[in-house]
Amino acid sequence: MADELSLFSLFCDGTGGSRPGVNHSQYPCCRLYGDGNGMSFSEWQPRYSEHGIPIFPVHEKRPTVRGYLKAGLQASAQFATKFPTAQAFGLACRRSRIKVLDVDAPDERLLADAMSEVGPTPFVVRSGSGNYQAWYRHNGESRQVRPDPSQPIDILGDGFVVVPPSRGAKGSYTIVAGNLDDLADLPSMRRPSSAAPEIQHTNELVQPGHRNETLWRLCMLRARECRGISELMEVAMAYNANGLYEPLPDDEVLKVVASAWAKELSGNNWFGHGGRVVVDASQIDGLLNNDPDAFVLLTVLHRHHWGRDFVVANAMAKIMPGGGWRRHRLASARRHLIEAGEIEEISSASRHGGPARYRFMGGQK
């Protein structure tokens, strides 16, 4: 693959046009682009639509329309009438059944090594900055940011990706292997042997009101994998661009990253530690002395729910240490935790039987 990509660079100018004196009609990128003109959304929307893929306009790597993750072919056609001259466009991975191996470096060897792990594909894209995308058939996967922290590679099974021949500030996206006809029969990606477990996200983008907290939790989970704050910032910016319904301002992302990294450096980041439970001295001096039941309940909650929201339903009483508790004992301990500021209720029990939900207060931010 690396030799093939190098050969491509000898015959194409990186924007879909020809190098002087070269008859390169045999190369797939040139068959697709022609003379390199006609990069507008109105021209390319029907081409992708013919292959069952709805695309939408993008500006500076951010979608310019709402509901783009669920937009179908009809909505995509409407976008083409409203934004005919848009020079960049994207597709929703899950909606389009496309999964992308995103190599965030202009390194052909890195791409080749990654593809040797996850399997070959006939469709490869080079971004305007010279980085690479290898496209595969979606198989129900979610988005993985830096599954191997030592490699600048993301696996994009959710969110969106910018597609060729989009034109950005650093250049145009080009197809360096294959053509749109290959999208109908892409292979599935093998799971890399070194891949970390995926962090699952819902199909819905995070709505305003939950963006900061969601991004902060992600940063806390990923901080341990990063070699420096700059790597954590890359993770956060990628999620901000693709995982939030409306991305946060860059300075807000920086604040979240700085907060998470400070926790990591201070040794107070306990996200993702599995069964490890950490108790502050103040909790021992306060809760353990004043209400041992509340202290036990807090440690159980930390053990099973640290880093996420949770329920403390009365049914939990039967699984408490020592052979189970009576319900009034659990209710009393829960009330004490609320009064002590250790947990807070974030949603009440519903009339239809749904339990109340809680989150930790102490040491969260």
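The values are calculated or read from the model by the stated rules, or taken from the named source; none is laboratory data. Just so you know, these numbers come straight off a predicted model, no measurement behind them. For neighbour counting, all protein chains shown are included, and Cβ atoms are generated from backbone atoms with ideal geometry for every residue, glycine included. The accessibility values were calculated without ligands, DNA or RNA, using every heavy atom of the protein model including side chains. Shrake-Rupley method; radii C 1.70, N 1.55, O 1.52, S 1.80 Å.
Structure values in brief
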read-out: Heavy atoms of Arg224: accessible area, 1.4 Å probe, square angstrom to 10; value: 100 Å²
read-out: Lys, Arg +1 and Asp, Glu -1 on Cβ, resulting dipole of the range 52-109 about Cα centre, debye, nearest 20; value: 420 debye
read-out: Accessible surface ranking that places the most exposed of Thr81, Thr174 first, with a 1.4 angstrom probe; value: Thr81, Thr174
read-out: Residues of the range 104-197: accessible area per residue with a 1.4 Å probe, Å²; value: 37 Å²
read-out: Largest to smallest accessible area among Ser142, Ser188 [probe 1.4 Å]; value: Ser188, Ser142
read-out: Apportionment of accessible area to carbon and sulfur, the range 118-184, percent (1.4 Å); value: 48 percent
